[in-house]
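Here is the structure we will look at, set down as structure tokens.
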Amino acid sequence: MTILQTGFETAPISMLPMWQVAFQAPVEDVDRIFDAIVAVYPLPQGKTDRNGYRAPSGQEYYRPRAGTPTGAEEETRHRPGVDEMRFFLPRDEATLRQVIEAIYAVHSYYEPVITVTEVLRSLCKGLDDQHNPHRWWNKSGDWKTD
């Protein structure tokens, strides 16, 4: 067994074996896909759910070949406005299969880019550190109220 399989503990944090799932999609599709994912699995993290991270837009490169819906092309396409969304799942194959099928069902691509990586993810043990000067609520406050 390796640390990626077993995880480990520190005083404030448990490092849990998880899968990090990522998908790429056009900006306008990401929220629809994310909603389909959380309908299958709520993406919990401690006392919150619907947890994910959306990386800012990049440019996707591809060249359609024979058998694609658009037909073969000679030039490489450059599609702007493609985001990447990442989230974590427990290492449960049935859940992973449901999430991947949910992504495919509502994705605008017939060949979506989905990756799965073994990782360790932190989970706070809920220590009472409400007076910690580094916590956001003891600094400028909630980003949503600015």
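The values are calculated or read from the model by the stated rules, or taken from the named source; none is laboratory data. Predicted model only: the values in this text are computed from it and were never measured. When we count neighbours, we look across all protein chains shown, and the Cβ atoms used for this are built from the backbone with ideal geometry, even at glycine.
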ask   = Hey, does region 21-28 have a residue that's part of a strand (DSSP E or B), surrounded by 15 or more Cβ atoms within 10 Å (Cβ to Cβ), of a type outside the set (A, V, I, L, M, F, W, C) and without any contact (Cβ under 8 Å) to a residue 60 or more places away in the chain?
value = no
query = Does any residue in region 116-130 that is on the phi > 0 side of the Ramachandran plot come within less than 9 Å, Cβ to Cβ, of a residue that is among the basic types (Lys, Arg) six or more places away or on a different chain, and which pairs are these?
reply = GLY126/LYS47
query = Given (1) at pLDDT 95 or above; (2) over 30 Å from ASP128 (Cα atoms); (3) outside any strand (DSSP E or B); (4) aliphatic (A, V, I, L, M), where does LEU43 come up short, assuming only one miss?
reply = (2)
ask   = What about ARG65, is it under 30 Å from LEU127 (Cα atoms) and assigned to a loop (DSSP other than H, G, I, E, B)?
value = no
Meets criteria (in contact with a His (Cβ under 9 Å, 6 or more places away or on another chain) and closer than 22 Å to ASP29 by Cβ) for GLU60 = yes
request  = Taking only region 113-128 into account, find how many residues are outside any strand (DSSP E or B) and either in contact with a His (Cβ under 6 Å, 6 or more places away or on another chain) or surrounded by 14 or more Cβ atoms within 10 Å (Cβ to Cβ) (or both).
outcome  = 1
inquiry  = Residue under question is ARG86, and the condition is that it be touching a Leu at 6+ places or on another chain (Cβ under 6 Å), basic (Lys, Arg), closer than 23 Å to GLN45 by Cβ and outside any helix (DSSP H, G or I); does it hold?
reply    = no
request  = Filter region 36-92 down to residues that are in contact with a helix residue (DSSP H, G or I) (Cβ under 8 Å, 6 or more places away or on another chain) and among the polar types (S, T, N, Q), then give me how many there are.
outcome  = 1
